[in-house]
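Working notes, beginning with the structure itself.
The values are calculated or read from the model by the stated rules, or taken from the named source; none is laboratory data. If you're wondering where the values come from, they're calculated on a predicted model, not measured in any experiment. Counting neighbours? That spans all protein chains shown, and the Cβs are built from the backbone with ideal geometry, glycine included.
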Amino acid sequence: MNERVIEIHGVTRRFGHQLALKDIHLDVPRGSVFGLVGENGAGKTTLIKHVLGLLKAQTGTVRVFAADPVGDPVAVLGRIGYLSEDRDLPDWMRVDELMSYSEAFYPRWDRGFAAELRRMFQLDGRQRIRALSRGQRARAGLLVALAHRPDLLLLDEPSSGLDPVVRRDILAAIVRTVAEEGRTVVFSSHLLDEVERVADRVALIHAGEVLLCSTLEEIIAAHRLITLHFAEPLAERPTSLPGAVHWAGSGHEWICLCNGQMETMRKAAATAGAEVVDERPASLEEIYLGRVAA
Amino acid sequence: MQIQISAGDGVPIYLQIVNQIKYLAACGRLEPGAQLPSVRTLAEQLLVNPNTVARAYRELEAMGVVTPRRGAGVFLAAGISPLARREQNRILNQRIDMLLVEAQQMNVDLDALVRMVRQRSQVMK
């Protein structure tokens, strides 16, 4: 797990006056499923475009398979299976034409696997891309991304706007890819229960910055949701509790997303005139919402 | 082997798998010596990261619930281990506690409750 498939160091990106990425540092180890989490416009797609070499880093460095994706696209792109957010496929092609067209780009295209995926996804080879439903279009894009058995599968909002059946196919593709030794998946999503299912590493991105980046296990273990009951009702959210990330509540009872030692928290609460009446682990979604609101 | 995963309820997914396999073993739905699905098969069935399934299997192995056989897969440990027995007791105690609380709320005393349990057991025979 020490080998890094993607290394991003100090990348900052501006579009005019708009700061899209601010000093991003990210490493993706080989064999991991890496989830990029953030709202629309947080910078996920901009970051992915840097990995693909579609955008050149203005400051900082991007390395994919230890190569520069802008300077050496051949070394990088042939090893990546990419599904873009808008699934830009040539509309005028038929599905079987899309398959033979894509085959020409990838030396490692696996014709047998491509045919198997086409059957599994119930795609009709003679159908025009333009005539495909939203879900079938996503499956056609996924087929192209998977059929050359890429070392890195890169999916930008793969589940967005899709029904549960197609979302299942996408999750299954992620699981199958990583189950094959040494292959890596990076995907962006705002469906946090999906991220929690399949990702082993997560980066929370907000307004172009990485708020949190760690293993999913560490992120979950580091946060708790605690409910405090105050002897005297509070008009405003409590202050000066160590490790408090975000508060919600009113009057006597407040719920706090906190990160840190429970014992310290309990003592601080007692000092502030409150008692811990409930304590439970936080889901990734609760952690994300708390972090973004903070 | 039927396992349900619910992401987002705060219980780590590997622990959900561990608990449910222990439950299936304790209530006899998985028989001693039965082969468990491979890590990859179960990961694809549940749509979870294969490392998560592998971790659940490691924990179950450390608890003596499953035993790996080299090259053949993972099997439920033969015979009811003290752990499976403990797990059985834990499950039954949970149900008993719930029954006791409800009986108390309905003002049914313990003797009456025990009589009812006996009666039901006759009916089910």
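Brief remarks follow.
- In this structure, A:Ala20 does not qualify as within 23 Å of A:Leu212 (Cβ to Cβ), out of contact with any Ser or Thr (no Cβ under 8 Å at 6 or more places or on another chain) and either surrounded by fewer than 16 Cβ atoms within 10 Å (Cβ to Cβ) or of a type in the set (A, V, I, L, M, F, W, C) (or both).
- Scope region B:1-23; condition buried (at least 19 other Cβ atoms within 10 Å of the Cβ) and more than 14 Å from every other protein chain (Cβ to nearest Cβ); matching residues: B:Val18, B:Ile21, B:Lys22
- Residue in region B:95-102 that is assigned to a loop (DSSP other than H, G, I, E, B) and either under 30 Å from A:Phe34 (Cβ atoms) or more than 21 Å from the chain's Cα centre (by Cα) (or both) present: no
- Qualifying residue in region B:39-48 (condition: more than 30 Å from A:Glu196 (Cα to Cα) and either away from chain A (no Cβ under 14 Å) or over 20 Å from the mean Cα position of the chain (by Cα) (or both)): no
- Residue selected from region A:160-175 under the condition within 12 Å of another protein chain (Cβ to nearest Cβ) and over 16 Å from A:Ile80 (Cα atoms), by the criterion surrounded by the most Cβ atoms within 10 Å (Cβ to Cβ): A:Val175
- Condition broken by A:His246, with the remaining ones in (1) within 14 Å of chain B (Cβ to nearest Cβ); (2) modelled with pLDDT of 90 or more satisfied: (1)
- Filtered residue count, region A:183-220, keeping only those that are touching a residue at least 24 places away in the same chain (Cβ under 8 Å), out of contact with any Ser or Thr (no Cβ under 7 Å at 6 or more places or on another chain), within 13 Å of chain B (Cβ to nearest Cβ) and farther than 23 Å from A:Gly161 by Cβ: 3
- Filter pass, A:Ala244 being free of Cβ contacts under 8 Å to residues at least 24 places away in the same chain, buried (at least 21 other Cβ atoms within 10 Å of the Cβ), not assigned by TED's automatic domain parsing to the domain that holds A:Ala179 and not aromatic (Phe, Trp, Tyr): yes
- Matching helices (runs of 4 or more DSSP H) fully within region A:1-115 where at least 2 residues are under 25 Å from A:Tyr288 (Cβ atoms), under 20 Å from the mean Cα position of the chain (by Cα) and polar (S, T, N, Q): A:44-51
- Residue that is farthest from B:Asn89 (Cα to Cα), among those in region B:7-62 that are of a type in the set (Val, Ile, Thr) and part of a helix (DSSP H, G or I): B:Thr41
- Counted residues, region A:259-288 - those being away from every other protein chain (no Cβ under 14 Å) and under 20 Å from A:Thr215 (Cβ atoms): 3
- The one condition in (1) within 14 Å of another protein chain (Cβ to nearest Cβ); (2) free of Cβ contacts under 8 Å to residues at least 40 places away in the same chain; (3) in a loop (DSSP other than H, G, I, E, B) that A:Asp124 fails to fulfil: (1)
- Checked against the criteria, A:Arg291 does not count as without any contact (Cβ under 8 Å) to a residue 60 or more places away in the chain, part of a helix (DSSP H, G or I) and away from chain B (no Cβ under 14 Å).
- When every residue of region A:85-104 is checked against the conditions, at least one turns out to be surrounded by 18 or more Cβ atoms within 10 Å (Cβ to Cβ), of a type outside the set (A, V, I, L, M, F, W, C), at pLDDT below 90 and assigned by TED's automatic domain parsing to the domain that holds A:Val186.
- The set of residues from region A:255-294 being closer than 25 Å to B:Ala7 by Cα, touching a Pro at 6+ places or on another chain (Cβ under 9 Å) and either modelled with pLDDT of 85 or more or not small (Gly, Ala, Ser) (or both) comprises A:Cys256, A:Cys258, A:Gln261, A:Pro281.
- Selection of region B:63-82 for residues being in contact with a strand residue (DSSP E or B) (Cβ under 9 Å, 6 or more places away or on another chain), in a loop (DSSP other than H, G, I, E, B) and not small (Gly, Ala, Ser) yields only B:Val65.
- The set of residues in region A:247-264 that are under 13 Å from A:Pro281 (Cα atoms) and either in contact (Cβ under 8 Å) with a residue 60 or more places away in the chain or β-branched (Val, Ile, Thr) (or both) contains only A:Ile255.
- Here A:Ser160 meets the list (1) in contact (Cβ under 8 Å) with a residue 60 or more places away in the chain; (2) polar (S, T, N, Q); (3) outside any loop (DSSP other than H, G, I, E, B) almost entirely, failing just condition (3).
- Within region B:24-37, no residue satisfies the criterion of being aliphatic (A, V, I, L, M) and loosely packed, with under 14 Cβ neighbours inside 10 Å.
- Those residues of region B:47-71 which are exposed (fewer than 14 other Cβ atoms within 10 Å of the Cβ) and either farther than 24 Å from A:Gly31 by Cα or not assigned by TED's automatic domain parsing to the domain that holds B:Leu30 (or both), in sequence order: B:Ala62, B:Gly64, B:Thr67, B:Arg69
- Residues being among the polar types (S, T, N, Q) and farther than 25 Å from A:Gln136 by Cβ - total across region A:157-203: 1
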